[in-house]
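Just dropping this structure here.
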Amino acid sequence: MAKILITGAAGFLGSHLTDRMLADGHRVSGVDNFITGDKRNLAHLRNEPRFDLIEHDITTGLDIAGKIDYVMNMASLASPVDYFNHPLETLLAGSAGSHNCLELAKRKRAVYFFASTSEVYGDPNISPQPESYWGNVNPVGVRSCYDESKRYGEALTMAYLRKGLVDTRIVRIFNTFGPRMRVNDGRAVPNFIIQALHGEPLTVYGDGSQTRSFCYVDDLVDGMARLLFSKVTQPVNIGNPDEMTILQMARQIKETLGSKSEIVFRPLPGDDPKQRRPDITLARSLLGFEPKWALADGLAKTIDYFRGAAR
Ligand code: UDP
């Protein structure tokens, strides 16, 4: 049984990861400042003796008493709407926050796990994107607060690794969806589901021809668990390589819900990547990872959740 510290534990991914680690028999301490996380995502763990939750902002330092075997740094504002609204918090979470987590991992002799992103590839001009691709990132654009904080977070992680200070893992997370995304999260899947449930128009940005590859949360968490307990120190993409256009996603959600909502087109936000698809060759070969959830099944689970949450 390992002791795992998870920052951003009250968030969408952090809470699912917490559940998975507890289900596997580990002890988890969660840390969150609730800027986008929500205590309700962890409410079912109220009486779980192997879990505790600490309200704390990792950018202000991080000191936890007792043994820690793994520090998983999941704390970040991950929705474009959130990081457009909170660019400074986003930059500091990836920089000062990552630094504090790495220092804690060093003091505890813990493995450090950094949640990075497909956004390190920016608006990629090759597809699918392998880990060896360096990206096409605008360093001063509206998404730069997120992209550069994660690129810096990766660089910092590699510096600690190369200096022999900490044993590290880096996951590059591609688009993920599932229960516990926020109703007002602003990302495509929750927006389309909530809009369709309310009979409102589905807002497709641009002409909807931009692509994404959507992974159901349980598959993503499985990939992260495999990476954590591996010896792989190079960055690894985790996601589902099934690529689709955003217009296709809007149509699929509308059809799944039997919704009469119309699809309307709205301006495309700045630097919105035109295509995104993970090359998961490394995850397959090094970790034995394979996404198992069909899109329709994942959407059904997510829609069930939002039917309850939207009430
Ligand atoms: N998008 C959209 N309508 C929405 C929200 C998002 O068309 O209501 C588009 C967005 O412009 C992007 C894609 O859907 O091209 C995925 O956006 P999301 O915010 O989910 O995540 P991203 O992949 O951009 O980080």
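The values are calculated or read from the model by the stated rules, or taken from the named source; none is laboratory data. Everything numeric in this text was worked out from a predicted model, so none of it was measured. Cβ coordinates were reconstructed from backbone atoms using ideal geometry, including for glycine residues, and neighbour counts include every protein chain displayed. Note: areas computed on protein heavy atoms with side chains; ligands, DNA, RNA excluded. Shrake-Rupley method; radii C 1.70, N 1.55, O 1.52, S 1.80 Å.
Enumerate the amide H contacts of ASN138 below 5 Å, restricted to partners 5 or more residues apart or on another chain; note that Pro and chain-start residues carry no placed amide H.
For ASN138, whose amide H was placed from the backbone, the distant partners under 5 Å are ASP123.
What is the range 57-165 by shape, rounded, prolate or oblate, if you read a ≥ b ≥ c off the alpha carbon gyration tensor as root eigenvalues and call it rounded for a/c under 1.5, prolate for a/b larger than b/c, and oblate otherwise? Provide the component values of the computation, followed by the final result.
Details: a/c = 2.53, a/b = 1.50, b/c = 1.68.
Judged from the Cα gyration tensor, the range 57-165 comes out oblate (a/c at least 1.5, b/c at or above a/b).
In a shell of Cβ-Cβ distance under 13 Å around SER144, excluding SER144 itself, what net charge do Lys and Arg (+1) and Asp and Glu (-1) give?
Numbers: positive: ARG143, LYS150, ARG151; negative: GLU119, ASP123, ASP147, GLU148, ASP271.
Counting the neighbours of SER144, the net charge comes to -2.
Among GLY141, ALA115, ASN125, whose Cα projects farthest towards the positive end of the dipole of the range 103-148, with charges put on the beta-carbon of Lys, Arg (+1) and Asp, Glu (-1)?
ALA115
Angle check, please: helix 98-108 long axis (alpha carbons) against the longest principal axis of the chain (alpha carbons), in degrees 0 to 90, nearest 10.
Its long axis makes an angle of about 40 degrees.
In debye to the nearest 20, how big a dipole does the range 82-216 give about its Cα centre with +1 on each Lys and Arg Cβ and -1 on each Asp and Glu Cβ? Before the final figure, lay out each step's value.
Working: 15 positive and 13 negative charges, 151 e Å.
Dipole about the Cα centre, nearest 20: 720 debye.
Another question, then. What is the calculated FRET efficiency for ASP52 to LYS292, with r their C-beta to C-beta distance and R₀ = 35 Å, to the nearest 0.05? Please report the intermediate quantities before stating the final value.
Details: r = 31 Å, r/R0 = 0.89.
Plugging the Cβ-Cβ distance into 1/(1 + (r/R0)^6) gives 0.65.
Return the long-range amide H neighbours of ALA75 (sequence gap of 5 or more, or a different chain), with a cut-off of under 5 Å between placed amide H atoms.
So ALA75 has HN proximity to THR7, GLY8.
Could you rank the peptides 104-112, 154-162 by their average count of other C-beta atoms within 10 Å per residue, with the highest value first?
Numbers: 104-112: 19.8, 154-162: 16.8.
Answer by packing, highest mean first, reads 104-112, 154-162.
Cross-link candidates for LYS108: which lysines have Cα within less than 17 Å, leaving aside residues fewer than 8 places away along the same chain?
LYS3, LYS67, LYS163
Please compute the per residue accessible area over the chain with all protein chains in place, 1.4 Å probe, rounded to a whole number of Å².
43 Å²
Taking the Cα centroid of the range 56-95 and of the range 150-195, what is the distance between the two, rounded to the nearest whole Å?
About 11 Å separates the Cα centre of the range 56-95 from the one of the range 150-195.
Calculate for the chain the 222 nm mean residue ellipticity that helices alone would give, adding -39,500 (n - 2.57) per DSSP H run of length 4 or more and normalising by residue count, nearest 500 deg cm²/dmol.
Helix contribution divided over all residues of the chain: -10500 deg cm²/dmol.
Given a Förster radius of 30 Å and the C-beta distance between GLN234 and HIS86 as r, what FRET efficiency does 1/(1 + (r/R0)^6) yield to the nearest 0.05? Display every interim value, and only then the final one.
Values: r = 30 Å, r/R0 = 1.01.
The formula returns an efficiency of 0.50 here.
Please give the charge dipole size of the chain, origin at the Cα centre, charges +1 on K and R Cβ atoms and -1 on D and E Cβ atoms. Round to the nearest 20 debye. Mind showing how you got there, number by number?
Values: 37 positive and 36 negative charges, 127 e Å.
Here the chain has a charge dipole of around 600 debye.
Would you mind telling me which residue in ARG20, ARG276, ARG172 has the biggest mean-square fluctuation in a Gaussian network model of the chain, where springs connect alpha carbons within a distance under 10 angstrom?
Fluctuation is largest for ARG20.
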